[in-house]
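The values are calculated or read from the model by the stated rules, or taken from the named source; none is laboratory data. All figures in this text were calculated on a predicted structure; none of them were measured in a lab. Backbone-built Cβ (ideal geometry, glycine too); neighbour counts: all protein chains shown.
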Amino acid sequence: MGAVDWQVTGPDVDDAEQLASVHVQAWREAYGELLPERFYDDSARSGRLLMWSRLLAQEDAGDRVRVARHEGRLVGFALRGRAVRHGDHPPAREEQLYALYVLAPWYGRGVAHALLEQCLSGRPAQLWVAKDNARARRFYEKNGFTSDGTEQADHELDGLVEVRMVR
């Protein structure tokens, strides 16, 4: 691997627009045919913009969110927080990784690993990942997460089956 030409930092309050764009594009790249087009359209982007604007306005956003930048542009992000009930399933850990996405051109460059490390620092945590997203599941396994056998069809994601992974 060559020199690192990206950096991981906390977010800026004005990153909401870039975060929304990266979020929707990364979903398209990660889930492609697993979800219908409405998850990637302008309405989805508007929803993500609202979500990120609200989140970045919170006092603890700098602690919970990490962003990866290349020449000032966002290429990925991670979001953690206190674990909460997911459907019928109480949390298995106190902390949860809610999102970790990197744009496809940055796959394999260590960006996701750096985001994960800065977000969780190796602490025990849980996450939910699409059962059919083999690439993501392998990444999490390499970083100490294992499936605990808990699965759920997420109705907000058109019944996409997710598995819980813990470390």
(request) List every residue pair whose Cβ atoms lie under 9 Å apart, where the two residues are 6 or more positions apart in sequence or sit on different chains, the first residue falls within segment 104-133 and is free of Cβ contacts under 8 Å to residues at least 24 places away in the same chain, and the second residue, located anywhere, is of a type in the set (Gly, Ala, Ser). (result) Gly122/Gly144
(message) Looking at (1) within 12 Å of the chain's Cα centre (by Cα); (2) free of Cβ contacts under 8 Å to residues at least 60 places away in the same chain; (3) more than 19 Å from Met165 (Cα to Cα), which one does Asp60 not meet, given that it meets all the others?
(response) (1)
(message) If a residue counts only when it is among the aromatic types (Phe, Trp, Tyr) and surrounded by 12 or more Cβ atoms within 10 Å (Cβ to Cβ), which helices (runs of 4 or more DSSP H) contained entirely in segment 1-111 have at least 2 such residues?
(response) 16-31
(request) Return the pairs, sorted by first residue and then second, in which the second residue is among the aromatic types (Phe, Trp, Tyr) and not in a loop (DSSP other than H, G, I, E, B), the first residue lies in segment 142-167 and is within 27 Å of Gly108 (Cα to Cα), the beta carbons are less than 7 Å apart, and the residues are 6+ apart or on different chains. (result) Glu162/Trp128; Arg164/Trp128; Met165/Tyr140
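Here is a yes/no grid of residues against (1) under 24 Å from Val163 (Cβ atoms); (2) at pLDDT 95 or above; (3) under 15 Å from the mean Cα position of the chain (by Cα):
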residue	(1), (2), (3)
Trp6	no, yes, no
Asp42	no, no, no
Ser53	no, yes, no
Gly81	yes, yes, yes
Pro91	yes, yes, no
Glu95	yes, yes, yes
Tyr101	yes, yes, yes
Ala104	yes, yes, yes
(message) Can you pull out every residue in segment 17-38 that is within 15 Å of the chain's Cα centre (by Cα) and hydrophobic (A, V, I, L, M, F, W, C)?
(response) Leu19, Ala20, Val22, Val24, Ala26, Trp27, Ala30
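Residue-by-condition table, conditions (1) in contact (Cβ under 8 Å) with a residue 40 or more places away in the chain; (2) more than 25 Å from Gly108 (Cα to Cα); (3) among the small types (Gly, Ala, Ser):
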site: Ala3; (1), (2), (3): no, no, yes
site: Pro11; (1), (2), (3): yes, no, no
site: His23; (1), (2), (3): yes, no, no
site: Gly32; (1), (2), (3): no, no, yes
site: Glu37; (1), (2), (3): no, yes, no
(request) Kindly indicate the residue of segment 112-141 that is among the small types (Gly, Ala, Ser) and closer than 24 Å to Gly32 by Cβ and also surrounded by the most Cβ atoms within 10 Å (Cβ to Cβ) among those meeting that condition. (result) Ala112
(message) Looking at Met1 and the list (1) of a type in the set (A, V, I, L, M, F, W, C); (2) more than 27 Å from Asp158 (Cβ to Cβ); (3) at pLDDT 95 or above, which single condition is not satisfied?
(response) (3)
